[in-house]
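Reading through the structure tokens given below for one structure.
Any read-out appearing in this document is the output of simple, stated calculations on the displayed coordinates, not a laboratory observation. All values reported here derive from a predicted model rather than from experimental measurement. Positions of Cβ are backbone-derived with ideal geometry, glycine not excepted, and every protein chain shown enters the neighbour counts.
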Amino acid sequence: MTTESFENSNSPSAYASSILTDHSTPDFNPHFVSSADDENHVTEQPVQNSIKQRQTASLAPPSPQSDQEKTNTEKQHSLTTTEQVEAEVDAFFAHLSSQPGKSWVELAKESNQKQIEEIKKWRAQQQSIGS
Amino acid sequence: MAGTTTIYWELILRTVTSRLNSDFDLTIAIDQDIINEITFRLWSSGYAVNGEETIVNTTTIDLVGFASQIAFWIQKLKPLSIIHVPPSSTKILNINELAAVLLAEAICFTKVKKSKFPPQLIAPWAESLRSDIHSPQSYATTLHALTI
């Protein structure tokens, strides 16, 4: 639990937690963790309810409106996730830029240019030896 | 018991690539087949892969280990390719290695919330990834020592 609180509440980890502890499923019932005295009574009840709910659900016609809502929710979730990840990566690059010293982009360009020149120089030497 | 967190590493890689595009004035393409292979290899290594995301334990050691695995496979399989270099720019030879280092650091920054890694080491480390032999484990040790 302490590790979860370490995460930003807006981070994608919130989705993972909700998937792992999905209380909305028909089988979930908090009474499963109740005391042992009424265990037999309690454990049978949700199973019966669950079968009844599934039978009722299977008889009900599919609702096009709910499908549309579901699609919209998924799109919204995907968009939010993309925006959030982009914002986090932008913050990372802003952090890199804020550090003292020469920019990592300039250093990478210089290192790359040096490498290309060394390869060209070596290539020219090889060609002159060959001729 | 450790919690879990979802890492959208493909999205992070795409954002990092977009940044490399603009910073180096290049047009970089991502090979989706190689991305799929990396995903498969993560799954083979025991990670909980779900589409474009991977669920990882929130302990620092697990997050650094995952970031290292991703970086290792990117530098090894090289999903990025430069498809256009404007006359005013220069082709970056180690673009995949740069993306690997930046992706690993971005995961540490956003998930572990720590980044003491000096930006001046990005280029030399990317060069080392290209020239020297690294395993995911040696990468994790280096990443942990330099970043956390």
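Separation between the A:Q126 and A:E83 pseudo-spin-labels, each 7 Å from Cα along Cα→Cβ, expressed in nm?
That separation, rounded to one decimal, is 5.2 nm.
Give me, ordered by chain and number, the residues 5 or more places off B:A48 or on other chains with an amide H under 5 Å from its own placed amide H.
Here the answer is B:I55, since their amide H atoms fall under 5 Å of that of B:A48.
Test of the criteria: in the stretch B:27-101, which trypsin sites (Lys or Arg not before Pro) are in a DSSP loop and have at most 13 other Cβ atoms within 10 angstrom of their Cβ?
Hits after loop and neighbour filter: B:K91.
Take chain B, connect every pair of alpha-carbon atoms lying under 10 Å apart with a spring to form a Gaussian network, then pick out the residue of B:T39, B:T17, B:T59 with the largest mean-square fluctuation.
For chain B, modelled as a Gaussian network with Cα springs under 10 Å, the answer is B:T59.
How much length is gained if the chain between B:I148 and B:T59 is pulled fully straight, taking 0.36 nm per residue apart and subtracting their Cα-Cα distance, in nm to one decimal?
Extra length available between B:I148 and B:T59 comes to 30.8 nm.
Please report the base-10 log of the normalised intensity I(q)/I(0) for chain B, using a Debye sum with one equal scatterer per alpha carbon and no solvent, at each q in 0.14 (1/Å).
Taken in order of the listed q values, log10 I(q)/I(0) reads -0.63.
Per-residue ellipticity at 222 nm for chain B, helices alone: DSSP H runs ≥ 4 residues times -39500 (n - 2.57), over residue total, nearest 500 deg cm²/dmol?
Mean residue ellipticity at 222 nm (helix-derived): -18000 deg cm²/dmol.
Label points 7 Å out from Cα along the Cβ direction at B:I30 and A:Q99: separation in nm?
My value for the distance between the label points is 2.3 nm.
Here is the link list: B:K91/B:K116; B:K78/B:K111; B:K78/B:K116; A:K121/B:K113; A:K114/B:K113; A:K121/B:K111. Which ones come out longer than 32 Å on Cα distance?
From B:K91/B:K116; B:K78/B:K111; B:K78/B:K116; A:K121/B:K113; A:K114/B:K113; A:K121/B:K111, over 32 Å: A:K121/B:K113; A:K114/B:K113; A:K121/B:K111.
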